[in-house]
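Engineer: Supplied in structure tokens, the structure appears directly below.
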Ligand code: SF4
């Protein structure tokens, strides 16, 4: 490096490593879901003020081409049945309460995935009078999926990544629960 | 009924093999912006045209350093930077699998050495940029 | 064309006219005295058959010491008897004094104005006197009194404290009447809105819709961005009408900057606009099957839509056709291979779509659910100024592509399908027919695609000029009005989307149907929340 440029850093993202990891995940996915959740992973999608494109990409996941259900991943009608919240949009002022209530209604352990630039950071919709500028301003976000909108494949990749994290969460929780003399088991 | 069956059967299997097999985005696709730091001079044109504040910079005038940063989390993949970069240092690649557990993993950062104004001694522009463009080596401090 | 109307108006209302100008062709701006405004609006609406296409409130106190209201009428209303290209917009404007922030409501005479006026009340704090339903609309009850976001002295970044979360809804009471609240977070993957059904048994007596959950201040945000960045905002008003909104934005600014974009850009824009219509309509027809429980139809529709989305991605790099438009033309050209790719894909889609229609649309179960469900009468449609597919299914012959041709629509021949039943089935059939028309339009354009540049550079736009930009999106007419400010910024950006005018029709159509038909009716309108709420 010359002295005019001091340093630069790119996220260590070795495409190869990521790719093999993904492939592996894909292969073991149903197995994994089976192990962690008994049967399947349930997702609740929450729109917190998106432009609609992110919604359509999520809808596209259940079309015959991407067919999410082959992995045992389902979209459910109520947050009370959900393991994962898929949140889009920058959180508009009018939806703030609704989003919080949905989060509270979701049973633990839960994950929040921010889909799209809006949800990750506000995207084009900066913090303003009617937009809070990103889901992580309101809820703890576990996985970020950039894109405007992300391709369906990218959302799928995010879901797979989330699965790993959920596994960790459950392990941790079981551990701490045991500490308190509580036994928490999921089927 | 028969027609429905026929239609379903004739469609065959359409499901993609993703994620077991990679799915290449088309050539035109606007994916993750890649920065070529060999070419980049830190001239900040990109941060001025970026509509979503994905590219930002901060001048540390004490140390004489420009902190430049690109966040994929903010990026809306519009390609304005690619179009406007005077040195062709940013290109939107076909890579799209960017999901991450951590926002910091979505950052590209760089530090550029600033040059000081020969007249007033204030830091004002990166050395690289000044070398690249034969413009006046002082800022409007007169 | 505006002349005849103008002469008529001047003789009738000469006492009320203050000024008139035609800053861009086909748009006549008349400044009128506030007290005569209602009369002139009524005259235009009732006598000339004009329809209200938009209404804008703007805070022009820094410029001329008052607020200003603009009423946009399209002349001479609906009907194809008027020769092509001869229609135009008449825009009345009047000043509202800062000390008396109120104006006379025109809603009692023109129901189409009722949301515009409530919106102006919320965002600018001008009171529509005589409005039959002056409740909050855009800003919900959590917004404190006395803050008006579109006023110039309100900073975009201000976040006033939250007040009460309660809201009032109209109730139907009586024995056996149930209330079913739905939303804002819905069961399916759709956008947020709150619906309250009052029903007796299965039958819906009343439906109250509460929208604007997604209001995120788009119009105000546009005022602080330079026009080059505003373009990306226009693309993100709505996901599935992205290209239409962006085109409206660009057309308005191109008119203001008075530049002619290359012929090839016009052609390509038209092609992309039609591709947008295609994937929307094909997807909608599939979606209707989800509403009737015909899963084969749904899956096949989604499959075809996916193919079109992949085509979009292959030719433009984005599945929603984003990043193509720019003020002054297009950002990327269409190569010869892509031209051939479009043609071959469309031929295949046409074949498969036709086969799909043959399978799903003639099933008796399907017809039973679709026919006579959710009837929108022509009168209601006209009163509310309904546009697009919904209007054409109710016998209102309106289509901006033919009535006010833009881009390259005057170079192609196409039919505008029309039905009069106004039910779900009619709306689906209009979409089906439009799919085939769109394919025809694209083929014609690709066959005659001129060569040459695709873009002229626009560096600056002149301040304090205004113009309309309009497109017929898959959902209907999108009308954007832009007034520019110095430094190539926007002073006021009013976005009137097709969904905005069609939404009020939905709660009127639903009563009398059974609860399970609501999703079907909703899908047949297929309105977008995002471009309504902004
Ligand atoms: S990230 Fe982009 S596509 Fe998704 S909601 Fe936001 S603007 Fe729309």
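We did not get these values from a lab; they are worked out from the coordinates using the rules stated. Here the structure is a predicted model, which is why all the values come from computation and not from measurement. Here Cβ is always computed from backbone atoms with ideal geometry, including for glycine, and neighbour counts include all displayed protein chains.
Engineer: Gaussian network model of chain B, Cα springs within a sub-10 Å range: biggest mean-square fluctuation belongs to which of B:78, B:50, B:120?
Structural biologist: Fluctuation is largest for B:120.
Engineer: Summarise the partner chain shielding of B:38-44 as one whole number: the mean count of Cβ atoms from other chains within 10 Å of each residue's Cβ.
Structural biologist: So the per-residue partner count for this stretch is 1.
Engineer: Continuing with the same structure: As a check on your grasp of the helix formula, calculate [θ] at 222 nm for the protein assembly as shown: sum -39500 (n - 2.57) over DSSP H runs of n ≥ 4, divide by the residue count, round to the nearest 500.
Structural biologist: -11000 deg cm²/dmol
Engineer: Now for a separate question. What's the exposure ranking of C:107, C:158, going from fewest to most Cβ atoms within 10 Å?
Structural biologist: In increasing order of surrounding Cβ atoms, one gets C:158, C:107.
Engineer: How large is Rg/Rh for region C:356-431, to two decimals, with Cα atoms and a Kirkwood Rh?
Structural biologist: In region C:356-431, Rg relative to Rh is 1.06.
Engineer: Right, next: Percent relative contact order of chain B, based on C-alpha pairs within less than 8 angstrom and at least six residues apart?
Structural biologist: Value for chain B: 26 percent.
Engineer: Report Rg (one decimal) and Dmax (nearest whole number) for region C:1-71, counting Cα atoms only, units Å.
Structural biologist: Here Rg and the maximum Cα pair distance are 12.6, 37 Å.
Engineer: Semi-axes, largest first, in whole Å: what does sqrt of 5 times each Cα gyration tensor eigenvalue give for region C:2-129?
Structural biologist: 24, 16, 13
Engineer: Next question, about the same structure. Average partner chain C-beta neighbours within 10 Å, per residue of C:187-195?
Structural biologist: Rounded to a whole number, the mean comes out at 6.
Engineer: Okay, moving on. Where the eigenvalues come from the Cα gyration tensor of region A:38-166, what are the semi-axes √(5λ) of the equivalent ellipsoid, largest first, in whole Å?
Structural biologist: Semi-axis lengths for region A:38-166 are 22, 17, 12 Å.
Engineer: A further question follows. Between residue C:351 and residue B:101, what is the spin-label point distance in nm, taking each point 7 Å from the Cα along the Cα→C-beta axis?
Structural biologist: In this crude label model, residue C:351 to residue B:101 measures out at 4.9 nm.
Engineer: Per-residue mean of other chain beta-carbon atoms within 10 angstrom of the beta-carbon, peptide C:522-531?
Structural biologist: 2
Engineer: Separate question: Given R₀ = 56 Å, FRET efficiency for residue C:157-residue B:2 by Cβ-Cβ distance, to 0.05?
Structural biologist: Once rounded, the FRET efficiency stands at 0.35.
Engineer: Provide Rg and Dmax in Å for chain C, with only Cα atoms included in the calculation.
Structural biologist: Rg then Dmax for chain C, in Å: 22.8, 71.
Engineer: Among C:202, C:102, C:219, C:191, what is the fewest-to-most ranking by other Cβ atoms within 10 Å?
Structural biologist: Listed from fewest to most nearby Cβ atoms, that is C:202, C:102, C:219, C:191.
Engineer: Here's another thing I want to ask about it. Given an 8 Å cut-off on Cα distances and at least 6 residues of separation, report the relative contact order of chain C as a percent.
Structural biologist: Rounded, it is 17 percent for chain C.
Engineer: Right, another one. Per q in 0.04, 0.05, 0.09 1/Å, what log10 I(q)/I(0) does a Debye calculation on the alpha-carbon atoms of the protein assembly as shown return?
Structural biologist: -0.18, -0.28, -0.93
Engineer: Expressed as a whole number of Å, what is the distance separating the alpha-carbon centroids of region C:366-424 and region A:117-156?
Structural biologist: 36
Engineer: Based on the Cα coordinates of region B:25-128, what is the per residue volume of their convex hull in Å³?
Structural biologist: 100
Engineer: To the nearest 10 degrees, how steeply does helix B:2-11 sit against the main Cα axis of chain B, on a 0 to 90 scale?
Structural biologist: 40
Engineer: Still on this model: Counting alpha carbon pairs within less than 8 Å and at least 6 residues apart, what relative contact order, in whole percent, applies to region A:38-166?
Structural biologist: 26
Engineer: Which order do C:100, C:140 fall in if you start with the one that has the fewest other Cβ atoms within 10 Å?
Structural biologist: So the ranking, lowest neighbour count to highest, is C:100, C:140.
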